[in-house]
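Just so it is clear, none of the values below were taken in a lab; they were calculated from the coordinates. Small disclaimer: the values here were computed from a predicted structure and weren't measured. Virtual Cβ from ideal backbone geometry, glycine too; neighbours counted across all protein chains shown.
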Amino acid sequence: MRASWSASTGFLIRRVVAATAQHGVTIADMPSQYRALLIGCLAPLIVVVDLVYPPLQAPRPLAALLDESAHFVTGLVLIAWFPHVRPSTLWAAAFGAVLIDLDHLPLEAGWWFLTLGTNRPYTHSLIAVGVLLLLSTFPMPRTHLLFGAAVGLLSHLIRDMATGGVPLFWPLAASRVTIPYAGYAAVILVAAVVLLLVSRRSVRG
Ligand SMILES: [Zn+2]
């Protein structure tokens, strides 16, 4: 069984390397099964890094770098569930998962208008996801990017709920909503296992 898994993994890695060499692709351009494989391998690293440096407890620049990297990968994990997304949608999810934290900048400058009464800015809420999803249904160009950003923002909220909480239901409620870190880690690890199984089956099949 173990030999079979290592043979399969070796097979998959060779296929990914061959696909990359053949198409000169980035992770976004890869066929979805190879993308699932790479993201499935990448995802557990978030949990490993979080165990070494508990989220937001390292020195501030390092904590920010690690946290945003984890957000980037979490965005990739969530968008990987949509098998036929365009490369640009995938990047929109990954970068959307990171760029939402720009909403902390007004507070850094001393302006409270996005944070009055909440622990994180109002844009760290389901209503922001809903607005992006709604806009993505409008008949205008590049709405797939808005869909990707909505998925990225949702992934961001999932991680932030495990690292201090977010005002998830603002403006209905200003209270922070949290989940145990183990819940987030379980979501990431289960997603990684499923992505690996799916990619293994589809590459072989
Ligand atoms: Zn955040």
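Within a Cβ distance under 13 Å of residue 79, other residues only, what is the Lys/Arg minus Asp/Glu net charge? Don't skip to the answer; put the middle values down first.
On the way: positive: 35, 86; negative: none.
Around residue 79, the charge tally is +2.
Got a sec? How would 181, 53 order by Cβ neighbour count within 10 Å, fewest to most?
In increasing order of surrounding Cβ atoms, one gets 53, 181.
If we count every other residue with Cβ under 14 angstrom of residue 96's Cβ, Lys/Arg +1 and Asp/Glu -1, where does the sum land?
-2
Could you let me know the centre-to-centre spacing of region 88-132 and region 48-84, using Cα atoms, in angstrom?
Taking the Cα centre of each part, region 88-132 and region 48-84 sit 16 Å apart.
Ordered by packing density, taken as the mean number of other Cβ atoms within 10 Å over each peptide's residues, highest first, how do 59-71, 33-45, 77-89 rank?
Ranking, from highest mean packing down: 33-45, 77-89, 59-71.
So, counting K/R as plus one and D/E as minus one, what does the shell of residues with Cβ under 14 Å around residue 168 add up to?
Around residue 168, the charge tally is +2.
Around residue 177, which amide H atoms from residues at least 5 apart in sequence, or from another chain, sit under 5 Å from its own amide H, with H modelled in the peptide plane?
Residues meeting the amide H criterion: 166, 168.
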